[in-house]
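Chemist: Supplied in structure tokens, the structure appears directly below.
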Amino acid sequence: MNTRKNSGGTTTTSVKRQGGTKRAAASGSASERRDHLVKLAAELFARKGFQATTVREIAEEAGILSGSLYHHFDSKETIVDEVLATFLDDLVGRYRAALEQDGDPRTILSEMVRIGFSTLEPHRAAITVMQNDWNYLRSLPGDRFDYLVKAEDEVERMWVGQIKLGQAAGLFRADVDPKLTYRMIRDTIWVAVRWFRPGGRLNTAGLAEHYITVLFDGLATGERSSQKA
């Protein structure tokens, strides 16, 4: 497994998953058909839940027989692998690139916030599945979905590392817990998939900038009160 050091001092690993995908041999149309099936299945998983969605329902949604679906995938688990790993590969890869850029921790964290919010539209179904079916997928026998935890752990190391660097540089308050802070940021971004609607007053870029303002500049005006509630 290839590893490398990023600017936060953590070791990164590639997102890997197991699966029995049956790829059609060098056929553009077959590849497009396969991608179409993944998108249809992802929407069903997001709407009904992975556990409740059957292979028959995926096939019916695609207008094919269940047996035809097995020409592309050997199981429902292989399809959700494709959905989740595509999202995680994109997310982790872009986070790694952000950490390799020049800039102080605040600049890098701002870019990571933008990256997170930018995934809400292209990976909406995958993010929904991650939220709704995480515990079920992790409960399945074997280590098939261990890559979910490995990816999550790497992302946490990236964020926590930058928060700690910011604290050491005097950019961030020293009295906040880095891991708790990261998890609050993470949950704010991913929970937004439940209420964010494209075409609204703010797009994902505007949403990210608004959140960055609140995150770094706060809500209250003036100096922070020292009074205890």
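Chemist: Please state, to two decimals, what the Cα-based radius of gyration of region 33-72 comes to when divided by 2.2 N^0.38 Å (N = residues).
Modeler: Values: Rg = 9.2 Å, N = 40, 2.2 N^0.38 = 8.9 Å.
Cα-based Rg divided by the globular estimate yields 1.03.
Chemist: Under unit Cβ charges (Lys, Arg +1; Asp, Glu -1), what dipole magnitude, rounded to 20 debye, does region 123-179 have relative to its Cα centre?
Modeler: Working: 8 positive and 9 negative charges, 26 e Å.
The calculated dipole for region 123-179 is roughly 120 debye.
Chemist: Shifting gears a bit: Quick one: what are the phi-derived ³J(HN,Hα) couplings along region 165-177, Karplus 6.51/-1.76/1.60 with θ = phi - 60°, whole Hz, x for glycine and proline?
Modeler: After applying 6.51 cos²θ - 1.76 cosθ + 1.60, I find 5, x, 5, 5, 8, x, 7, 10, 4, 7, 9, 10, 7 Hz.
Chemist: Still on this structure, I have one more. How compact and how long is region 32-121, expressed as Rg and Dmax of its alpha-carbon atoms in Å?
Modeler: Just the Cα atoms of region 32-121 yield Rg and Dmax of 17.1, 54 Å.
Chemist: Rank 154, 111 by accessible area, highest first, at a 1.4 Å probe radius? Present the calculation step by step, with values, prior to reporting the outcome.
Modeler: Values: 154 0, 111 60 Å².
Greatest to least solvent exposure: 111, 154.
Chemist: How much of the pair distance distribution for region 38-195 lies past 20 Å, counting alpha-carbon pairs only, in percent? Could you put the intermediate results ahead of the total?
Modeler: Values: 6797 of 12403 pairs.
Cα-Cα pairs in region 38-195 separated by more than 20 Å: 55 percent.
Chemist: Quick one: net charge around residue 204, please, counting Lys, Arg +1 and Asp, Glu -1 for every other residue with C-beta under 13 Å from its C-beta. Present the calculation step by step, with values, prior to reporting the outcome.
Modeler: Details: positive: 114, 124, 197, 201; negative: 121, 209.
Surrounding charge for residue 204 is +2.
Chemist: Express the carbon and sulfur contribution to the solvent-accessible surface of region 42-130 as a percent, rounded to the nearest whole number, probe 1.4 angstrom. Walk me through the numbers before you get to the answer.
Modeler: On the way: 1670 of 3620 Å².
Answer for region 42-130 is 46 percent, counting heavy atoms of protein chains only.
Chemist: With every protein chain in place, what's the accessible area of residue 143 (1.4 Å probe, Å², nearest 10)?
Modeler: Accessible area, nearest 10 Å²: 80 Å².
Chemist: Additional query: Provide the gained length on full extension for the span residue 138 to residue 203, in nm with one decimal, where the gain is 0.36 nm per separating residue minus the Cα-Cα distance. Working shown, then result.
Modeler: Details: separation 65, 0.36 × 65 = 23.40 nm, distance 3.26 nm.
Value of the extension gain: 20.1 nm.
The values are calculated or read from the model by the stated rules, or taken from the named source; none is laboratory data. In this text the structure is predicted, and so the values were computed from the model without any measurement. When we count neighbours, we look across all protein chains shown, and the Cβ atoms used for this are built from the backbone with ideal geometry, even at glycine. Ligands, DNA and RNA are excluded from the accessible area calculation, which covers all protein heavy atoms including side chains. Shrake-Rupley method; radii C 1.70, N 1.55, O 1.52, S 1.80 Å.
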